[in-house]
Amino acid sequence: MDVKDFYYDLPEELIAQTPLSDRASSRLLCLDRDSGATEHLTFRDIKSKLRPGDCLVMNDTRVIPARIYGVKKDTGAAIEFVLLKRLNNEDYAEEGILWEVILRPGRRAKPGAVFIFGEGLLEARIIEVLDNGNRVVSFSCEGVFEEVLDKIGLMPLPPYIKEKLDDPERYQTVYARERGSAAAPTAGLHFTKELIKEIKAMGVDVAFVTLHVGLGTFRPVKAEKVEEHYMHEESYELTAEACEKINAAKMRGDRVIAVGTTSCRVLESAASDDGHLAPVKSSTRIFIYPGYKFKVLDGLITNFHLPESTLVMLVSALAGRENVLNAYEEAIKERYRFFSFGDAMFIV
């Protein structure tokens, strides 16, 4: 299967640069995955497409201000870090707070190099250079690391967003609580607390899972063949409470609908062959593309994704490549807004 089979031509002006003032006022393209039929709604009207007994699965990860700027301690040379993933000290026999980071410029960051951030609030020492060019870093600070990061860090917005984000909370879902992501699970950005309350009042259940989104979600697929792509790893957790709600919906014959591809990846990573879920805390490199047989998922709420991306491949696995690309072509014709701050799709 060729990666180029998942290409579509997107006018640059349709890439949303800022979020809407009202989250739920974004547009919603509904796609019937069997027939390919489409319907155009406003996101808050998703209530008309949900049924009592449905279980919505939401990713409650919270984006950390993972981009920090500092200087090399001995030379004063400028450096930029983007924090990707918290690491276990036991794996490196190192003290401090260990993270895998991307940094620029990389040539200044050999093992043993020390960097200062926030005029001394945070110090970092390079432990190891990984095969992918990222670094393992040990951070030290006075006080609580997370509080220091909140003071000096910036939101790591996707590379296609050029505008400044005035309110960092607009790059968080209203239900975000588990810190650890370098990017937002953007399908959830359309929900308001009021809309969730109304959906629950309809008899729709809501289950929360956690998957910490890495910046690998924005990296292009460099292989020519889909099957040759090596997927990035992300950590996730599925609680007993979430399992109980999702398993109950499947037992009743009701639908399990993932809010976002990240929630989908948790479900499909954790499920047994018969679709049963048990509590787990692990990591996943699951790569879902056409031909994949879904074990849990019945529907998906998602945004519009980059051409030739693993996320376009995932939605194509659910709804069919031709159906998805036809829906994208229709969305472009109708001037939908694309990507992280853009409009949404409901595939069912």
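Miscellaneous remarks
- Scope region 122-156; condition without any contact (Cβ under 8 Å) to a residue 40 or more places away in the chain, within 17 Å of Gly214 (Cβ to Cβ) and surrounded by 15 or more Cβ atoms within 10 Å (Cβ to Cβ); matching residues: Arg135
Yes/no per residue for (1) in contact with a helix residue (DSSP H, G or I) (Cβ under 6 Å, 6 or more places away or on another chain); (2) crowded, with 23+ Cβ neighbours inside 10 Å; (3) not small (Gly, Ala, Ser); (4) not in a loop (DSSP other than H, G, I, E, B):
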residue	(1), (2), (3), (4)
Asp273	no, no, yes, no
Ser283	no, no, no, yes
Tyr289	yes, no, yes, no
Val315	yes, yes, yes, yes
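Let's see how each residue does on (1) of a type in the set (A, V, I, L, M, F, W, C); (2) modelled with pLDDT of 95 or more; (3) assigned by TED's automatic domain parsing to the domain that holds Pro185; (4) in contact with a strand residue (DSSP E or B) (Cβ under 7 Å, 6 or more places away or on another chain):
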| position | (1), (2), (3), (4) |
| --- | --- |
| Leu300 | yes, yes, yes, yes |
| Glu308 | no, yes, yes, no |
| Val324 | yes, yes, yes, no |
| Glu329 | no, yes, yes, no |
| Tyr336 | no, yes, yes, yes |
| Gly342 | no, yes, yes, yes |
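- Restricting attention to region 186-208, the residues that are under 20 Å from Cys243 (Cβ atoms) and charged (D, E, K, R) total 2.
- The listed residues are Val71, Val57, Val82, and the only one of them that is surrounded by 13 or more Cβ atoms within 10 Å (Cβ to Cβ), in a strand (DSSP E or B), out of contact with any His (no Cβ under 8 Å at 6 or more places or on another chain) and not assigned by TED's automatic domain parsing to the domain that holds Leu130 turns out to be Val57.
- Members of region 35-49 that are in contact with a Cys (Cβ under 7 Å, 6 or more places away or on another chain) and part of a helix (DSSP H, G or I): Lys49
- Against the test of being among the basic types (Lys, Arg), touching an Asp or Glu at 6+ places or on another chain (Cβ under 7 Å) and outside any loop (DSSP other than H, G, I, E, B), the options Lys250, Lys245, Lys295 yield a single qualifying residue, Lys245.
- Residue selection: Val226 fails the criterion of being at pLDDT 95 or above, closer than 25 Å to Arg285 by Cα, under 14 Å from the mean Cα position of the chain (by Cα) and in the same structural domain as Leu29 (by TED's automatic domain parsing).
- The selection criterion, being touching a Leu at 6+ places or on another chain (Cβ under 6 Å), farther than 18 Å from Asp54 by Cα, of a type in the set (Phe, Trp, Tyr) and at pLDDT 95 or above, holds for Tyr236.
- Highlighted here are the strands (runs of 3 or more DSSP E) found entirely within region 126-231 that include at least 2 residues which are of a type in the set (A, V, I, L, M): 135-141, 205-211.
- Beta carbons closer than 6 Å, at least 6 apart along the sequence or on distinct chains, pair a first residue in region 322-334 that is touching a residue at least 60 places away in the same chain (Cβ under 8 Å) with a second that is crowded, with 16+ Cβ neighbours inside 10 Å and in a helix (DSSP H, G or I) for Val324/Val315; Val324/Ser316.
- The condition (being surrounded by 16 or more Cβ atoms within 10 Å (Cβ to Cβ) and closer than 20 Å to Ala258 by Cβ) is satisfied by just one residue among Ile46, Ile64, Ile15: Ile46.
The values are calculated or read from the model by the stated rules, or taken from the named source; none is laboratory data. All values derive from a computational prediction rather than experimental measurement. Counting neighbours? That spans all protein chains shown, and the Cβs are built from the backbone with ideal geometry, glycine included.
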